[in-house]
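The values are calculated or read from the model by the stated rules, or taken from the named source; none is laboratory data. What you see is a predicted model; the values in this text were computed from it and never measured. Because the Cβ atoms are built from the backbone with ideal geometry, glycine has one as well, and the counts that use them run over all protein chains shown. Keep in mind that these areas ignore ligands, DNA and RNA; they rest on the heavy atoms of the full protein, side chains included. Shrake-Rupley method; radii C 1.70, N 1.55, O 1.52, S 1.80 Å.
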Amino acid sequence: MPVGTARTCMNGLNALSGVGLLTVPYALSEGGWVSLALLAAVAAACWYTGILLCRCMDADDAIRTYPDIGERAFGRTGRLLVSAFTYVELYLVATGFLILEGDNLDKLFPGARVTLGTVSLAGKRLFVVLVALVVAPTTWLRSLGVLAYVSATGVFASVVIVLSVLWAAAVDGVGFSGRGTTTPLRIAGLPTALGLYIFCYGGHPMFPTLYTSMKRKSQFPKMLVICFLLCTLNYGAMAVLGYLMYGDGVLSQVTLNLPSARLSSKVAIYTTLLNPVTKYALVVTPIAAAVEERIRGAAGKGARAVSVSVRTLLVLSTVAVALALPFFADLMALVGSMLNVAVCMLLPCACYVRIFGAPSMSSVEAVAIGGILVLGSLVAVTGTYYSLMKII
């Protein structure tokens, strides 16, 4: 594989390997063993819609971003719709990363406080600010080739988490004696399981950015196959491992079940904290690029200063939201479910059909797109309803 393609593959793996890794055992407990087939189906559907986005970009050399695809398909309305879904999703995910880091670090180091003059920061607020200071320099990397090295850390972290959980089960005495349901399929839990599975594959807003960064764009489909295959194997392994360990007692984040005194547990928790840090820059890059394109002179002599300023202000804004909405993390499952289904399944299919037209599609292609639209619509309706009922 060429070096450029390998770097893009690393960014793609990082886009798909996230905090959803911690939730798949819980998703399996909600949906039953048969829901693992749905994990594979969701992966295949999201891979195919990623290919559809690639084909849409090939239809016009002027297309550079996901919103460009929306405009090519549905005009100005399409651009605004796609932009609203993709950028809100990415922004909320980035904000959720800060909240996740603040919550977990506050539990690891309770009572931490820093006072500078009249300003005092403590607990979760302190750690949200500190994490923001760490991730801000990574957002200044405009080259995805350089960012690939940051992404490699995130991919490595995902593998380490799975291995640490396995070590806790096989070596540290947790075992595989978790008591699970005898029902192979739990209909009532399927909406929750499907919503969590789709959340795991929410990398579509980054795909156009990755595609345009490749010198050999013909390698993109191959790169996407590798990314989805490896991530699905990792997700499946974690789902089975966590469920065998804790059964129906597995929590929404499997690391919360681990015995805190064990070294393997500490490795898993600290590595979990590393993952959002490595993904933050990749998530906010499409938003920053869109803002920079709207600023006159961004491509001129002061392009570097404009880029750093925009990305720094973007980080500061997510910090403000994370500090102002301390319970925002409780809504992430609902918001992520609604937005991810639209961005990863519904919009790619709708744009592709609009750009190329239904008559030009083969019968197999039409059936595949129709199936994805039906599945996505069902998940959007049922997943949103069940998420709202749980919150209420």
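Loop-resident chymotrypsin sites (Phe, Trp or Tyr not before Pro) (DSSP state other than H, G, I, E or B) in segment 153-222 with no more than 15 further Cβ atoms inside 10 Å of their Cβ: PHE176. Applying 1/(1 + (r/R0)^6) with R0 = 30 Å to the Cβ-Cβ distance of ALA324 and VAL381, what FRET efficiency is obtained, to the nearest 0.05? Efficiency computed from Cβ-Cβ geometry: 0.45. Each of TYR48, ALA170, ILE69 was scored by the projection of its Cα onto the charge dipole of segment 3-389, and the greatest displacement toward the positive side belongs to ILE69; charges sit on the C-beta of Lys, Arg, Asp and Glu.
All Cα-Cα distances of segment 3-389, cut into 10 Å bins from zero to the largest, leave 5, 23, 33, 26, 11, 2, 0 percent in each bin in turn.
When only the heavy atoms of the protein chains count and the probe is 1.4 Å, how do MET345, MET10 rank by accessible area, highest first?
MET10, MET345
Each Lys and Arg contributes +1 and each Asp and Glu -1, all at the Cβ; summed about the Cα centre of the chain, the dipole is approximately 780 debye. In the assembled protein chains, LYS266 presents an accessible area of approximately 100 Å² (probe radius 1.4 Å). Could you tell me what percent of the accessible area of segment 3-389 is made up of carbon and sulfur, with a 1.4 Å probe and every protein chain present? Carbon with sulfur: 68 percent of the solvent-accessible area.
Applying 1/(1 + (r/R0)^6) with r as the Cβ-Cβ distance of ASP58 and SER317 and R0 = 45 angstrom yields a FRET efficiency of 0.85. Working note: 222 nm ellipticity from helices only, DSSP H runs with n ≥ 4, each -39,500 (n - 2.57), summed and divided by the residues of the chain, gives -24500 deg cm²/dmol to the nearest 500. In the context of the full set of protein chains, the chain has a per residue accessible area of 44 Å² (1.4 Å probe).
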